[in-house]
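Heads up, the thing below is written out as structure tokens.
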Amino acid sequence: MKVRRLTYRDGSWKTPSIITKILRIKRGIVIHFEKTDSFNSQSSSVPCIVHFLLQMGVLQSLILLCIFSLISSSFHTLAQQPYEGLTPDNCGTTGNSTTAFGYSCNGVNSTCQSYLIFRSQPQYNTVSSIANLLGSNSSQLAQINSVSVNNTFETNSEVIVPVNCSCSGQYSQAYTIYTVQSSSETFFSIANNTYQGLSTCQAIMNQTTTEYVYVGQKIPIPLRCACPTKNQSAAGFNYLLSYTVTWGDFVSTISTQFGADTATTLQANELSETSYTVYPFTTLLVPLQNPPSSSQTLTPPPPPPPPSSTAPPPSSPSPSGGSSKTWVYVVIAVAATIALMVVVFLVFFLSYRKRKRREADPDHISKTSKDVSILTSQSFASYQKPLKSEDESSDFLAGIADIAQSIKVYKFEDLQSATDNFSPMCWIKGSVYRGTINGDLAAIKKINGDVSKEINLLSKINHINIIRLSGVCFNEGHWYFVYEYAMNGSLTNWIHGEIHGDMSTPKVLSWTHRVQIALDVAMGLNYLHSFTNPPHVHKDMKSSNILLDGEFRAKIANCGLARSTEGQEGGFALTKHIVGTKGYMAPEYLENGLISPKLDVYGFGVVMLELISGKDAVSSQGDLLLFDVLLAILQDENKEEKLGGFIDPSLQANYPSNLALSLAGLIESCLTKDPGSRPGMDEIVHILSRILSTSKTWESSLLEDQSIGSSL
């Protein structure tokens with residue numbers, strides 16, 4: 001009996017038992033499904049090459065081909081849809097995304113009723129305008145949103161849009177036609193701004209023959225939708241809602257909003273409990289048993305009522321007694337004004353005295369390290385005194401549970417046991433110890449001072465690129481934080497050539513590792529800036545605050561200085577309390593105390609500078625600082641050649657020079673003095689994604705060349 005193999009491009013099939021039985025009966029028949037570049041697992045008809053090594057009858061061939069067709073169909077109807085993730089801002093490429101053109105056509109039915117979520121905008125805020133834009137029926141749209149056909153939606157209201165979803169080739173889509181309105185429009189702006197991510201620029205370009213758009217051009221728009229798979233239908237899900245993700249959205253909150261189970265939504269989008277970050281201008285499929293209703297959609301809060309006047313409205317004087325009423329009104333208005341001024345003065349005076357007493361309190365300020373000084377939070381002040389009784393301990397535990405329900409409160413004895421009573425053998429650095437809790441490694445850090453901001457922030461975050469806080473402990477006036485353990489320690493140790501593991505062999509981060517680390521940090525910062533609620537700035541971005549796990553994936557640590565900029569005009573805040581690390585702080589922060597996301601962008605630029613040079617951020621060459629040296633190189637005519645002398649020599653020239661130049665250009669833009677000229681973290685993520693993808697291709701070709709050379 002010959003060996004039989006069935007292979008997919010994305011994985012392997014075991015030989016189905018029914019085919020095995022037939023092959024045992026028909027001795028000598030071998031079915032070999034070859035792995036070819038033309039194979040597409042998303043296609044509704046799977047191409048394959050069938051080899052019959054011995055002569056077969058026509059009937060036998062037809063039976064086997066029918067069986068394979070059934071197996072292929074079963075595979076597609078069981079598969080879920082991979083989440084779109086971050087697609088490149090270069091519309092000419094799909095990057096690493098496998099779904100940039102749409103969801104695969106793998107539903108039980110090739111056509112189905114589907115629903116989209118669209119947020120009304122000034123240009124598209126009526127039932128008819130939204131229906132026309134998305135190719136929907138006005139009457140059906142009005143009915144499902146419980147409004148009249150002539151209704152006008154408040155700006156940013158979520159609107160349910162019913163569409164007919166059907167297979168178009170290998171993708172499941174709903175189609176509409178868009179007429180270009182302005183010369184400033186592009187494929188990218190149409191996809192992200194007009195259609196809010198319900199389509200991608202790659203998918204739109206795939207429908208046109210022109211490279212650019214022009215006013216009046218009619219463009220086919222494929223909208224992202226899908227039909228339930230066999231598994232979803234069997235579980236009772238009859239509809240898939242394409243939800244447009246916006247800032248601050250989480251899979252759990254989206255699922256709860258539409259009455260769906262979070263685990264089911266994760267599964268429908270091929271996300272996991274450890275990797276579930278979603279991004280704006282993307283779609284998330286929400287499985288529904290019943291059509292969505294208007295009670296599940298969100299509308300913006302109504303505007304505040306206009307301020308009422310303190311004085312009564314004027315009235316026309318009566319024929320008699322009018323003058324007497326007028327002076328009464330005047331007296332009342334004057335008295336009310338004086339009373340209001342007295343109240344305002346008292347409030348201001350009491351607040352001023354309270355602030356002065358707090359500033360004069362020596363216990364109000366505590367030092368946490370040589371670089372950081374943090375103000376003690378009133379909400380945690382009562383917990384930062386020694387606990388003298390069991391009752392006080394119980395009150396403390398209850399208070400922590402209210403503040404951060406997702407964080408475990410440990411007994412001090414648990415931490416002593418985990419670290420062998422804080423043995424020197426478990427000491428890592430500073431006040432950090434390695435411990436073992438329930439068989440898992442953990443980093444246990446002793447902290448003095450205010451911890452409220454870090455607890456409040458980390459208790460709401462579960463991002464793969466931000467270190468996870470799993471528990472806290474309070475003992476004799478000291479806090480102890482229990483973090484996930486980063487096996488490979490701090491990035492700064494690797495950048496500056498410290499020896500790890502085998503003391504005789506220094507380990508060096510490869511070029512691709514360095515780019516991956518930069519991308520990991522960028523994604524973590526982008527999450528803090530754009531997806532936490534409210535948005536936060538880390539404020540202390542440096543290489544020693546970046547930890548590496550066992551796979552050399554980066555995680556941002558030490559969020560104790562993180563600050564929200566919510567409600568601040570222009571997305572920035574001002575402070576007179578300048579704290580941080582020399583060499584990483586942006587000029588506008590040092591000079592004016594300006595805090596904004598661009599502060600983190602600057603610090604991140606310094607980290608990337610260290611990554612490619614292998615040198616300390618504050619070091620200098622001659623009379624020039626490290627960044628000034630790089631800037632001089634980038635302005636030179638032979639910059640690519642001179643950059644080779646700047647790159648970390650431990651790489652031994654094993655890096656793509658063109659990509660190194662691109663990364664150096666990105667560093668320059670991050671470190672520009674004007675914060676408004678620095679890129680945002682979302683843009684940086686896109687750029688680094690492309691650099692990493694190309695770096696991996698370069699690395700693969702390099703390994704192939706080395707393999708060929710060694711075999712000769």
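Quick notes on this structure:
- Number of residues in the range 646-679 that are farther than 29 Å from Glu588 by Cβ and without any contact (Cβ under 8 Å) to a residue 12 or more places away in the chain: the value is 2.
- Enumeration of residues in the range 132-159 that are touching a helix residue (DSSP H, G or I) at 6+ places or on another chain (Cβ under 8 Å), over 16 Å from Cys112 (Cβ atoms) and surrounded by 22 or more Cβ atoms within 10 Å (Cβ to Cβ): Leu141, Asn145, Phe153, Val159
- Criterion applied to Asp420, Asp450, Asp440 was being outside the structural domain of Leu547 (by TED's automatic domain parsing) and crowded, with 16+ Cβ neighbours inside 10 Å, and the one residue passing it is Asp450.
- Scanning the range 172-201 for residues that are surrounded by fewer than 18 Cβ atoms within 10 Å (Cβ to Cβ), closer than 23 Å to Cys112 by Cβ and hydrophobic (A, V, I, L, M, F, W, C) turns up just one, Ile177.
- Taking the conditions (1) part of a loop (DSSP other than H, G, I, E, B); (2) more than 21 Å from Tyr175 (Cβ to Cβ) in turn, Thr208 satisfies each one other than (2).
- If the condition is being crowded, with 21+ Cβ neighbours inside 10 Å and touching a helix residue (DSSP H, G or I) at 6+ places or on another chain (Cβ under 7 Å), then the range 241-254 contributes Tyr243, Val251.
- Among (1) surrounded by 20 or more Cβ atoms within 10 Å (Cβ to Cβ); (2) more than 19 Å from Ile556 (Cα to Cα); (3) not hydroxyl-bearing (Ser, Thr, Tyr) - the single one His478 does not satisfy: (1)
- Checked against the criterion of being closer than 24 Å to Asn545 by Cβ and assigned by TED's automatic domain parsing to the domain that holds His513, the range 651-663 contains one or more residues that satisfy it.
- Selection status of Lys673, assigned by TED's automatic domain parsing to the domain that holds Ser510, assigned to a helix (DSSP H, G or I), basic (Lys, Arg) and surrounded by fewer than 18 Cβ atoms within 10 Å (Cβ to Cβ): no
- Taking the range 461-499 as the range and being closer than 30 Å to Asp648 by Cα, touching a residue at least 60 places away in the same chain (Cβ under 8 Å) and of a type in the set (A, V, I, L, M, F, W, C) as the test, the residues that pass are Ile464, Ile466, Ile467, Ala486, Met487, Leu491, Ile495.
- Yes/no for Ile495 being modelled with pLDDT of 85 or more, more than 22 Å from the chain's Cα centre (by Cα), assigned by TED's automatic domain parsing to the domain that holds Ser657 and β-branched (Val, Ile, Thr): yes
- Residue in the range 217-232 that is surrounded by fewer than 20 Cβ atoms within 10 Å (Cβ to Cβ) and assigned to a loop (DSSP other than H, G, I, E, B) present: yes
Condition check ((1) outside any helix (DSSP H, G or I); (2) farther than 24 Å from Lys696 by Cα) across all residues:
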{"residue": "Val629", "(1), (2)": "no, yes"}
{"residue": "Glu637", "(1), (2)": "yes, yes"}
{"residue": "Glu641", "(1), (2)": "no, no"}
{"residue": "Phe646", "(1), (2)": "yes, no"}
{"residue": "Ala653", "(1), (2)": "yes, no"}
{"residue": "Ala660", "(1), (2)": "no, no"}
{"residue": "Leu663", "(1), (2)": "no, no"}
{"residue": "Glu668", "(1), (2)": "no, no"}
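- Pick from the range 430-483, criterion assigned to a strand (DSSP E or B) and under 22 Å from Phe250 (Cα atoms), ranking: nearest to the chain's Cα centre (by Cα): Ile466
- Qualifying residues in the range 261-282 (those that are at pLDDT 90 or above and over 19 Å from His463 (Cα atoms)) - the one surrounded by the fewest Cβ atoms within 10 Å (Cβ to Cβ): Thr264
- Out of Gly560, Gly524, sole residue that is assigned to a loop (DSSP other than H, G, I, E, B) and in contact (Cβ under 8 Å) with a residue 60 or more places away in the chain: Gly560
- Residues in the range 125-178 that are of a type in the set (A, V, I, L, M) and either in a strand (DSSP E or B) or without any contact (Cβ under 8 Å) to a residue 24 or more places away in the chain (or both): Leu141, Ala142, Val149, Val159, Ile160, Val161, Val163, Ala174, Ile177.
- Residue within the range 242-249 that is in a loop (DSSP other than H, G, I, E, B), of a type in the set (D, E, K, R) and within 15 Å of Pro280 (Cα to Cα) present: yes
- The range 680-707: number of residues that are touching a residue at least 12 places away in the same chain (Cβ under 8 Å) and either farther than 27 Å from Glu591 by Cβ or not hydrophobic (A, V, I, L, M, F, W, C) (or both): 18
The values are calculated or read from the model by the stated rules, or taken from the named source; none is laboratory data. Being a predicted model, the structure only gives us computed values, none of them experimental. Note: ideal-geometry Cβ built from the backbone for every residue, glycine included; neighbour counts use all protein chains shown.
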